[in-house]
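Notes to accompany the following structure.
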Amino acid sequence: MQLSLPELSYTRQSLTAFEPPIRNDGRSIDQLRALSGQVNILPGAHGSARIKWGSSVEVLVGIKADVSDATIHGGAFEASVEVSPAVTTQNRETDHLPSSLTSALQDVLDALPVGYLKFTPSKAWKIHVDAIVMLCTIPNENILSALSLATSLALQTTRIPKISTPNVTEMVLGSSKFEPSEEYDVDSEWDNAVPLQGLENISVIITVSSVDQIILIDPTVDEANVAQATYAVGVLPDGSTSYTRSISMGGGYASTGRAITTERYISLVQVASIAGTKLLDASKSLLAYEGSGFFDILP
């Protein structure tokens with residue numbers, strides 16, 4: 001949705017002419033929107049999570065593991081993102097979202113180790129990360145942040161069946177050698193299921209905008225429209241960053257732009273890192289939550 005010039009001017013002046021800056025939803029400049037979530041809500045899935053990001057975005061992620069052909073790297077993580085028909089019907093601008101969000105989420109998953117998922121010379125686990133955007137009331141709103149957090153939480157709740165693989169002894173030229181077997185047994189006991197490894201490499205995506213001298217965390221579409229630059233920053237649990245992407249006003253992804261100085265870019269990434277670390281720390285409480293209904297991650 002294209003804002004009129006008076007609307008753009010009002011939004012910009014609210015941010016730059018006051019101390020502290022006035023955001024259109026009342027948040028401070030370093031404050032994420034209110035977040036709530038649920039985990040382990042999909043029967044039959046190996047892991048799942050649902051996230052409400054503010055009042056405009058809601059996503060659901062389910063994890064399924066199946067036995068597949070091994071790749072040269074081992075197993076695989078495969079992303080798939082669908083958008084509710086109601087979202088695309090109401091907002092024609094979101095028609096491109098399934099493919100662009102799937103690509104962005106796959107970039108996040110590609111950082112995870114996959115070697116340990118292989119259990120015979122030719123077989124390995126393939127982890128399917130299937131997501132649906134259930135709600136997006138504002139076109140080009142911050143879906144990827146909600147999607148990345150839901151994926152992180154869903155993967156942390158995931159358990160996959162334990163695999164047993166015997167070694168086979170063969171006689172070769174009068175001597176014996178051990179060779180990996182193509183045989184394997186799947187333990188059907190859920191209590192013996194094992195968690196995924198390497199989840200310290202999964203990022204949560206934080207968006208950050210530069211409006212003159214103001215740095216805004218989790219900008220709204222209106223705020224991003226008056227920014228010199230807006231970036232999506234992948235933040236790891238230890239606070240380091242995995243990547244940055246420049247976000248266009250159309251909501252898609254582009255190569256890193258040059259609209260700001262290097263020093264300003266570094267400041268944006270640092271602010272996003274702080275916000276991402278706080279979010280990941282706060283989300284740990286949801287994993288321990290045993291009640292029903294949504295848990296407030298950030299009120």
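The values are calculated or read from the model by the stated rules, or taken from the named source; none is laboratory data. Computed from a predicted model, the values in this text were never measured in an experiment. Here the Cβ is made from the backbone with ideal geometry for all residues, glycine too, and neighbour counts use every protein chain on show. Side chains included, ligands, DNA and RNA excluded: accessible areas come from the protein's heavy atoms. Shrake-Rupley method; radii C 1.70, N 1.55, O 1.52, S 1.80 Å.
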- Report, ordered by the first and then the second residue, all pairs with beta carbons closer than 8 Å, sequence separation of six or more or different chains, a first member in segment 271-299 that is under 20 Å from residue 206 (Cβ atoms) and open to solvent by less than 70 Å² (accessible area, probe 1.4 Å), and a second member that is polar (S, T, N, Q) and in a helix (DSSP H, G or I). 280/152; 283/152; 287/156; 287/157; 297/283; 297/285
- Note on the structure: Counted residues in segment 222-241 being within 15 Å of residue 208 (Cβ to Cβ) and either in a strand (DSSP E or B) or open to solvent by less than 30 Å² (accessible area, probe 1.4 Å) (or both) come to 13
- Of all residues in segment 28-59, count the ones that are closer than 17 Å to residue 208 by Cα, surrounded by fewer than 17 Cβ atoms within 10 Å (Cβ to Cβ) and not hydrophobic (A, V, I, L, M, F, W, C). 3
- Could you tell me whether any residue of segment 66-87 is free of Cβ contacts under 8 Å to residues at least 24 places away in the same chain, under 22 Å from residue 198 (Cα atoms) and more than 18 Å from the chain's Cα centre (by Cα)? yes
- Query: Hey, among 6, 98, which residue is without any contact (Cβ under 8 Å) to a residue 12 or more places away in the chain and surrounded by fewer than 21 Cβ atoms within 10 Å (Cβ to Cβ)?
  - Reply: 6
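Is it the case, given these coordinates, that residue 68 is in a strand (DSSP E or B) and hydroxyl-bearing (Ser, Thr, Tyr)?
yes
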